[in-house]
Amino acid sequence: MKAVTRASVFSPQIVTRPLRLAFESPYRTEKSRLALHPVSFYATAEVPMRGCLQLGRWLSAAPRCQAAHLRPTAFSHSFNRAFSTNTIYHARSKVIPIKPDADLEARILAIPIERFRNFCIVAHVDHGKSTLSDRLLEFTGTIKPGTNKQVLDKLDVERERGITVKAQTCTMIYNHKGEDYLLHLVDTPGHVDFRAEVSRSYASCGGAILLVDASQGVQAQTVANFYLAFAQGLELIPILNKVDLPSSDPERALEQMRSTFEIDTDNAVMVSAKTGLNIPAVLPTVVEKIPAPIGDSQKPLRMLLVDSWYDAYKGVILLVRVFDGEVRAGQQLISFVTGLKYYVGEVGIMYPTETAQTVLRAGQVGYIYFNPGMKRSKEAKIGDTFTRVGSEKLVEPLPGFEEPKSMVFVAVYPVNADHFEHLEDSVNQLILNDRSITVQKESSDALGAGFRMGFLGTLHCSVFEDRLRQEHGASIIITPPSVPVKVIYRDGTEDIITNPAKFPDDEGARLKVAEVQEPYVLATLTFPEEYLGKVIELCEANRGEQQSIEYFTSTQVIMKYQIPLAHLVDDFFGKLKGGTKGYASLDYEESAWRAGNIVRLQLLVNKEPVDAVARIMHLSQVNRQGRLWVTKFKEHVDRQLFEIIIQAAVGKKIIARETIKPYRKDVLAKLHASDVSRRRKLLEKQKEGRKKLRAVGNVVIEHKAFQAFLAK
């Protein structure tokens, strides 16, 4: 046998050099060495190691010894470095705070509150908010240039759809005229369904960049977001984006901004966020025009909870705005809303990811988490005020936020009833990150336990559904969106109905009802003048009432309509986009309740109601929807030995019907030339048997049938 060299098992020259065991035991005798098979345990230059399987056999056959007596090698040192106590496994049992970056923290601590600037970017959908945020982060050195796209769009659904769903924050350091400024940027959503995110973001800001696409000009949600920011008293900076496009018309866009918002556009900054054109001119304007936040670090802590999200290892993480005082790890805080006390585990800033700091001072926006963390997601109340224990009587709580009203309701059920607890945990984690969703447990005879959930709009609902599937792997059945109705009884009492099962539909309950009202919204539509006829036709077909019509320019129209919310959620926006080749934009706000002929459409299978498929709607929609239901449901119900009748009904009135024929057995097959009476007798007997079977037989509808029927 050839002599064994000192080469490590994991040496790069493993194929050409002789090998020995990586961890050699001092207890191994010469006899035990020689007992080892020369090919299995020692590889020479003539017999190279062949793959991981032989290596595994070789190591498993080595003599055992105490770990304390093993002599470490270079590999063992690298192994210990890679799998130290800061690994994910260790993090599950105990969260170790991240050590702050000393250089970054020193720069931040040297900046007084007079050089803080908190601002956000507001604009219509797809006008370039997230792209502009990327360029500002690159310009300040917060991220590396050229390698990032929509850094602040962190959700998978945001990247897939190309829209901002969650308002995201980031801290930047910008040197202006030789002095460092601490800038806090908030990238807000543009779609009307996420306006609650926008309004919460304004509470952290002293100003806003009003971003307008130079090729499209002022759009519906530009107007809505402007008035929301104006009502908060924010300093507005007009900026035109996409000026490099051949179709851009900066003069027209500036004129629209002047006439619509009555703001000075003489010093408006013209940029191209995609190419980086004129980006260096943005931040000097922000520093000079947006005021510094007001606060005093020497006063008792007064901190506003702006947002929250869930982390698998740290628990509930809170995004906070410090108005007075300062917060550090180890301090004990108390909530004004719940009265619960917590110890701070870590504080930090978003740079753009979570970056630990020693302290958050007055005027800053950052994150904190508690150790031990919040036990329930309901403890994180958006708009809550926190202070240090003992300072409760010295601090006045902040006003918080207005609770958003749900406008669209759906029922959500797990495909497998055994997965209800997993669905409940997933829903609780997501609503922690989106407090505008309302949740109430409910049960269906057909689909089992589930939830009745309220959203701000159909896009809001669709995004939540995508997040459930992508982030939590939930398999769900979701019903079509419906809107609430107000029932006014003859005794003067009122009731808001969000669940069709609770609608007073039978004769006895209907006699007690004075009237039923449905919600209307004031819709603002902007589109080119050439599509005016098609848009008016669409609005009139959806029971809309025109309120006003104006011209921005000779080619651009802004029109306002009162439209029932039930029609708006029934793919109104899709029809509007289709009729105007994508050029129209839509914004809406809650208007009023109006009396209407509101009924409940229900699906019956063999005269038994299917509670999972019921909807409250206007009488004018019943015939079309009823025929659509029975035709579609018929495709997903299996044939039986008896006839299945599928009906759509309003009360006792049948609107539409489809019949699924039974399987047919040929009872005349064994007969040849028998008489007619014998044939008739057998057919009558078969008919009677089917009647009895229909009377006692139950139609079992599989979950997959509901899933296919309710799918869009």
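Some notes on this structure:
- Residue in the stretch 457-464 that is within 30 Å of TRP309 (Cβ to Cβ), modelled with pLDDT under 90 and of a type in the set (A, V, I, L, M) present: yes
- The set of residues in the stretch 367-404 being at pLDDT 85 or above, of a type in the set (Lys, Arg) and loosely packed, with under 13 Cβ neighbours inside 10 Å consists of LYS393 alone.
- Selection status of ARG639, charged (D, E, K, R), more than 23 Å from VAL408 (Cα to Cα), out of contact with any Asp or Glu (no Cβ under 7 Å at 6 or more places or on another chain) and surrounded by 15 or more Cβ atoms within 10 Å (Cβ to Cβ): no
- Where a residue in the stretch 388-409 is within 30 Å of LYS502 (Cα to Cα) and its partner, wherever it lies, is surrounded by fewer than 16 Cβ atoms within 10 Å (Cβ to Cβ), with Cβ under 8 Å and at least six apart: LYS405/GLU590; MET407/GLU590
- Criterion applied to GLU396, GLU402, GLU421 was being in contact with a helix residue (DSSP H, G or I) (Cβ under 9 Å, 6 or more places away or on another chain) and either under 30 Å from ALA708 (Cβ atoms) or not assigned by TED's automatic domain parsing to the domain that holds ASP307 (or both), and the one residue passing it is GLU402.
- Residues of the stretch 532-557 classified as within 34 Å of the chain's Cα centre (by Cα) and at pLDDT below 90, total: 2
- Selection status of VAL613, surrounded by 21 or more Cβ atoms within 10 Å (Cβ to Cβ), touching a residue at least 24 places away in the same chain (Cβ under 8 Å) and over 30 Å from HIS127 (Cα atoms): yes
- Answer residue from the stretch 303-361, given it is more than 27 Å from the chain's Cα centre (by Cα) and not in a strand (DSSP E or B) and is surrounded by the most Cβ atoms within 10 Å (Cβ to Cβ) among those: GLY325
- Taken over the stretch 205-219, residues that are surrounded by fewer than 23 Cβ atoms within 10 Å (Cβ to Cβ) and farther than 16 Å from ARG252 by Cβ amount to 2.
- Residue under evaluation GLU197, criteria (1) acidic (Asp, Glu); (2) within 23 Å of GLY383 (Cα to Cα); (3) part of a loop (DSSP other than H, G, I, E, B), criterion not met: (3)
- Residue that is farthest from VAL151 (Cα to Cα) [pool: residues in the stretch 256-302 that are in a strand (DSSP E or B) and touching an Asp or Glu at 6+ places or on another chain (Cβ under 9 Å)]: ARG302
The values are calculated or read from the model by the stated rules, or taken from the named source; none is laboratory data. Keep in mind that what you see is a predicted model, and the values were worked out from it rather than measured. All Cβ positions, even for glycine, are placed from backbone atoms using ideal geometry, and neighbour counts span all protein chains on display.
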